[in-house]
Amino acid sequence: RDMAAAAASASAAAARPMLGADLLTLTSDAPHARALPRILVYLCEYLLERTERLVGVGADAPTATADIMQLLYEPMDQDMFKAVRERFNKGDFYDCKSPICMFRLLKAFFREMPSGLVPPPLVETSFQIVSAQLQKAVEAVRACSEYDVWLQSQRQARGGELDRWYAGLWKDHGGEGVPSGLERATRDIEDLTNVVTFQVSNPATEFEEFFFLLPKQNRDVLEYTAVCLAKLDIAARRDEQQHGNNDQELLVTQPVVLLALADGFAPQILRPEMWRSGGGSANDREWRHKLQVAALMACLYFVKRKHNIMTTAERESMDRPNQTSISALLIHRSSTQLKLTPVVLILYLFSDRPRPSKRSTTQAHTCCSDLLPLFRSSTSVKIERSIVQQNISWFTPFMEIGRPGDSAHTDA
């Protein structure tokens, strides 16, 4: 009788739709210690195994980063996806030959759930927590003396329109509008704020408390999914290192893969109540999407710390004071903004060619004034040297203008 009952239960589970069902229904017969939907486990394991196989394949093969971006954004065969979805919805899990379909099926699993993985009232709570974290990061950045150097690199000063915009970035629904002509600078400082907020060295205890407010089934599914996404990002980073990219560079910008995954999955996992009622303007939706991505990033970094899913550089950064990290980030961004000036200085100071014209001398003097605050820091010297090496290709074409000693060559 027990065997017959088990067979009947298995038959009922196979007939149960896998997509569009609530978590309680999907996890009633889950074989894992944690109640996880079988379709979720299968899709996550499929994607992780596939990405791991791409790591270190060779220079001629596409990188894991490029492959994940293709899964996110490449158009797919709609007829094939419909057929794959139909089979998986019936519990017929098989080794599909289209990874794009499998990846989009994972997104569809969350999108078609009757309600978001995070209940709507707690979505608003997560938005409040992450907004406070981002505003705290803004205040920490503005407290650094290197912030003045960054403003100078943008031809701005404290109290100016860029500084006022940044001070209110995460207050009052985004503060002032983006200053005209400073779109690139606003993107740069907003990205820096996200880097400061979302890093493994940031404990973010408020978000940890929020995480345990979730119903246990929802929390288990969210944590399992976040582990999968974080491992995809780590695999892509390992592959980048094997292609010659520096692990330390990953600490000065937002991780491309993790951010893209958060951007792709946040609308399915965190659904504000406002959208369900059809309310809100286009600006409201854009602002909420930023908050969705930020909240999921906070969740991902909490899981990275909890499960020790980190790169070597990230582990080392945990022993570094937060203010030191912010100062280094600001110096790096200021130096990058002025990345052409060291080349001009080197040509002026170390060239064995005829002395530059008066106009060139004035330009070099201006460059020296701009760079003076940066060279007061020992960190910036190392950064400038690397920037010069990166920009050798920039001034090589100019060295081919005229012959050494010609006025055209000297000006170049």
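Applying a DSSP loop filter and a limit of 15 other Cβ atoms within 10 Å to the GluC sites (Glu not before Pro) in the range 80-159 leaves Glu112. In this view, the solvent-accessible surface of Lys82, computed with a 1.4 Å probe and all protein chains in place, comes to about 140 Å².
Loop-located chymotrypsin sites (Phe, Trp or Tyr not before Pro) across the range 176-236 with a Cβ neighbour count of 15 or fewer within 10 Å are Phe212, with loop assigned by DSSP. Quote the FRET efficiency, to the nearest 0.05, computed for Arg142 versus Ser115 with a Förster distance R0 of 56 Å and r equal to the Cβ-Cβ distance. With R0 = 56 Å, the Cβ-Cβ based efficiency is 0.90. Taking the 1.4 Å solvent-accessible surface of the range 118-226 as the whole, the part contributed by carbon and sulfur is 51%.
Dividing the Cα convex hull volume of the range 52-139 by residue count, how many Å³ per residue is that?
Dividing the Cα hull volume of the range 52-139 by its residue count gives 169 Å³.
Placing a pseudo-label 7 Å from each Cα along the Cα-to-Cβ vector at Lys82 and Lys216 gives an inter-label distance of 4.2 nm. Backbone geometry of the range 262-269 corresponds, through the Karplus equation with coefficients 6.51, -1.76 and 1.60 at θ = phi - 60°, to 3J(HN,Hα) couplings of 5, 5, x, 9, 4, x, 7, 8 Hz, x marking Gly and Pro.
Normalised by the number of residues in the range 83-196, the mean separation of alpha-carbon contacts (under 8 Å, six or more apart) gives a relative contact order of 18 percent. Rolling a 1.4 Å probe over the protein chains gives Asp67 an accessible area of about 10 Å². Estimated at the nearest 10 Å², the accessible area of Thr197 is 10 Å² with a 1.4 Å probe. In terms of its alpha-carbon gyration tensor, the range 79-127 comes out prolate; a/c meets the 1.5 threshold, and the first ratio a/b outweighs b/c. Backbone amide hydrogens, once placed in the peptide plane, bring Val118 within less than 5 Å of Arg271, excluding anything fewer than 5 places away on its chain.
The values are calculated or read from the model by the stated rules, or taken from the named source; none is laboratory data. Please read all numbers here as calculations on a predicted model, not as lab measurements. With ideal geometry, Cβ positions are generated from the backbone for all residues, glycine too; neighbour counts draw on all protein chains shown. SASA here: full protein model, heavy atoms, side chains in, ligands and nucleic acids out. Shrake-Rupley method; radii C 1.70, N 1.55, O 1.52, S 1.80 Å.
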